[in-house]
Each structure stands twice: as structure tokens, then as C-alpha cells.
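**Student:** This is the structure I have questions about; it appears just below.
The values are calculated or read from the model by the stated rules, or taken from the named source; none is laboratory data. Note that the coordinates shown come from a computational prediction; the quantities given were computed from them, not determined experimentally. Cβ coordinates were reconstructed from backbone atoms using ideal geometry, including for glycine residues, and neighbour counts include every protein chain displayed. Surface accessibility is based on the protein's heavy atoms, side chains included, excluding ligands, DNA and RNA. Shrake-Rupley method; radii C 1.70, N 1.55, O 1.52, S 1.80 Å.
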Amino acid sequence: MGSSLTYPVPAIDNTGDLSTEQIHQLLSSQTAIGRRIRTLAAQRFISDALLKGRFRSAGGSVLYENGEPLFAPDDPESIEPGGEYPRSQVTAGDLAAARVSKWGRDTPVTDESIKRRGIDVVNRALLQLVNRMVKFVDSAALGVIASKITATFASPGTWDDVENIVLSVEGAKAVAEESGEGHVLDTIVLKPTAYAKVMAAFLKAGLLPREAANPLITGTWPTVLDLIWLRSPHVPTAAPLLVNSDELGGMADEDLGGPGYTRALPGVETKSIRQDETDSYLLRSRRVTVPVVTDATAGVTITGTGL
């Protein structure tokens, strides 16, 4: 009896429907699996957008400087022609350490499910892995951020009024800039319900572009009031969080490598493992990481918004 699989198999179209042969080919290609996950998980991780720093972990831990000043301790001085430049000893923050942890999960996909349900069963398995990884990492990172940021700014009124939103945001940004720490707040994160209310208010007030450039149509993160507006169901508080994403901190990822793993997303490694004894595949995702807040003054929570 002839095999049900025919070769050579046509090239994989990563966006369309795939035959059974092509699905098996995809699951045998770590590059294709990584590309599939990137497509399914575009713009998912909020932690990497808020903690833009990248720390290199070695031996399962990371060393970082906590509260490092943004300014040199001395002002520039006037230099006469041929004169020497005065020197300043740049100060560093307190040295701290954090331990990275390996987080991961496997999910099985059988030959029977591939034959009967096609690429949908693979997409659903990968999407579930990605969603769980995003939920876990973002919840951990946002929890750390919310606990570290102690500065608050009181809104003059509830955020059902655009004027109150503008006064709150611009007031919080001004306080941060005038504090002497040198922080320019560039990103805000809200719960999805709060995000929806704010975007509706912005749309009504004409603060969002119309037609094709409207971020509510394109799905891109909007920039309004010189802030990038993000949303996440994993924010532990209803109060808006404003941060300087370049100075707040970073994610400390460790690339373990290993045969068959591919980097699918920032810090996320994936692998497809054939299980011949059970006629199935194990789809695996893992991330070896720890969120690190290096400067808690690089953020502020706005209170009294009524969101």
C-alpha cells in the first residue's frame, strides 16, 4: 500500500491553508515554527515595550546597577583655547542581582488531529502556548513595575472628559521632567476597558487621525499627547501607568540554545519534537528571563481617573 504522504512537498505558504504533507513539513522545520509563532504573536508582549533595556544573563543570574543617575555630577565649564577639559567622576547606582528562571510548557499535536483538522490544530496549539507565556511573563513584569513605582499624580477629574485626560497626562509628564531626575515619560499602559474609553474619547475629540491612518483600524499602538498608548489585561491596577521605557529597566533573558530550538520572539525559544512512539508532536515554548526595574523614579501612577 502506498504512503499517504507524497514528495517532493510543495513549498510552505505560511499564511494560507496547508496540506497534511505541508503541515508535517512545517512541524519538522524549526524556522517555520518560529515564523508561525511570530505571525500569531505580533505585538503581544507588553513587558518588552515597557522594559526596553536588555540585560545579558550569565550563570543563571544578572547583575545590574539600581538607580543609576542620568546626569553627570558636574556642569560643563568654559574652556580657554588650548586649555584642558575638567573631568567628572561618573557615579553608578547600587549593584543588585536578580536570578533568571526558565518558564516553559509543552502541548501535544497528534497525527490524527493534523489529518482531520488541518493547520488549525497547529495554530491553536501554538496560540495557546504563546498566550499562556505572554500572560505569565507580562503579569510578572507588570506586577514588579506596579510595586516599584511609588510616585503618583492626582487627576483633576475623571477620564470621561478629554480635558481631564490631557491635564493629567501633561501634568504627570511635567512633574517628571521638572523633578531633576531627567525622565521624559513616553509610554502609558491601561487595562483594555479603560483603553477603550480613552480611545473613544480621543476619537470624538479629533485627537486620532481619520480614515486609513486611524490606529483603531490599523491595530498599531497609537501615539497621542506624545505618548505611546498600550493596553494589557495583565495590568494589576486600574490606574494608568506612565513610564520612561528607556530608563525604567529591562528584561534579563538568557539564551540557553540547545539542539532544535529557534528564537521566535524576544527571549522566547520554541521547538517541535517528533514523538514516533505516540504518532504525535510536542510543541514547546520557553523563556529564561526575569524582569528588572533599575530606576523606579522613571514612572508614575495617575490616581483618581475613575477608570
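**Student:** Tell me, what HN-Hα J-couplings in whole Hz come from the Karplus equation 6.51 cos²θ - 1.76 cosθ + 1.60 at θ = phi - 60° for each residue of the range 102-113, using x for Gly and Pro?
**Tutor:** For the range 102-113, the Karplus curve yields 8, 10, x, 7, 9, 9, x, 9, 8, 4, 4, 5 Hz.
**Student:** In addition: Lys and Arg at +1, Asp and Glu at -1: add these up for the other residues within a Cβ distance under 12 Å of residue 279 and post the number.
**Tutor:** On the way: positive: 115, 274; negative: 111, 112, 276, 277.
My count for the surroundings of residue 279 gives -2.
**Student:** In terms of solvent-accessible area of protein heavy atoms at a 1.4 angstrom probe, what is the ranking of 231, 56, 286, highest value first?
**Tutor:** Working: 231 105, 56 215, 286 25 Å².
Largest to smallest exposure gives the sequence 56, 231, 286.
**Student:** Residue 181 accessible area, nearest 10 Å², 1.4 Å probe?
**Tutor:** 80 Å²
**Student:** If 162, 100 are ordered by their accessible area, calculated over protein heavy atoms with a 1.4 Å probe, which sequence runs from highest to lowest?
**Tutor:** Descending accessible area places them as 162, 100.
**Student:** Give me the number: length gained by fully extending residue 107 to residue 178, i.e. 0.36 nm times residue separation minus the C-alpha to C-alpha distance, one decimal in nm. Mind showing how you got there, number by number?
**Tutor:** Details: separation 71, 0.36 × 71 = 25.56 nm, distance 5.07 nm.
Contour length minus Cα-Cα distance gives 20.5 nm.
**Student:** Let me ask you something else. Decide, for the range 97-175, between rounded, prolate and oblate: order the square roots of the alpha carbon gyration tensor eigenvalues as a ≥ b ≥ c, take rounded if a/c falls under 1.5, and otherwise choose prolate if a/b is larger than b/c, else oblate.
**Tutor:** Values: a/c = 6.15, a/b = 2.12, b/c = 2.90.
Here the range 97-175 falls in the oblate category.
**Student:** Right, next: At what distance in angstrom do the alpha carbon centres of the range 249-307 and the range 165-240 lie from each other?
**Tutor:** Cα centroid of the range 249-307 versus Cα centroid of the range 165-240: 25 Å apart.
**Student:** Quickly work out the residue 237-to-residue 17 label distance, labels modelled 7 Å from Cα along the C-beta direction, and quote it in nm with one decimal.
**Tutor:** With each label placed 7 Å out from Cα toward Cβ, I get 5.0 nm.
**Student:** Using only protein heavy atoms and a 1.4 Å probe, report how much of residue 210 is accessible, in Å² to the nearest 10.
**Tutor:** Estimated to the nearest 10 Å², residue 210 gives 150 Å².
**Student:** May I ask you to compute the full-extension gain from residue 225 to residue 263, defined as 0.36 nm times their residue separation minus their alpha-carbon distance, rounded to one decimal in nm? It would help to have the intermediate numbers written out before the result.
**Tutor:** Numbers: separation 38, 0.36 × 38 = 13.68 nm, distance 3.48 nm.
Result: 10.2 nm gained on full extension.
**Student:** Would you work out which of 188, 158, 228 lies farthest towards the positive end of the dipole of the range 153-255? Charges go on Cβ: Lys and Arg +1, Asp and Glu -1.
**Tutor:** Farthest along the dipole direction, towards plus: 158.
**Student:** Under 18 Å between alpha carbons, and skipping anything fewer than 8 positions from residue 115 in its own chain: which lysines qualify?
**Tutor:** Straight-distance partners of residue 115: none at all.
**Student:** Now for a different question. Which pairs in the list 52/204; 191/271; 52/102; 52/271; 52/191; 102/148 are over 29 Å apart, alpha-carbon to alpha-carbon? Intermediate results must be reported in sequence, preceding the final value.
**Tutor:** Numbers: 52/204 32 Å; 191/271 32 Å; 52/102 20 Å; 52/271 26 Å; 52/191 20 Å; 102/148 23 Å.
Beyond 29 Å between Cα atoms: 52/204; 191/271.
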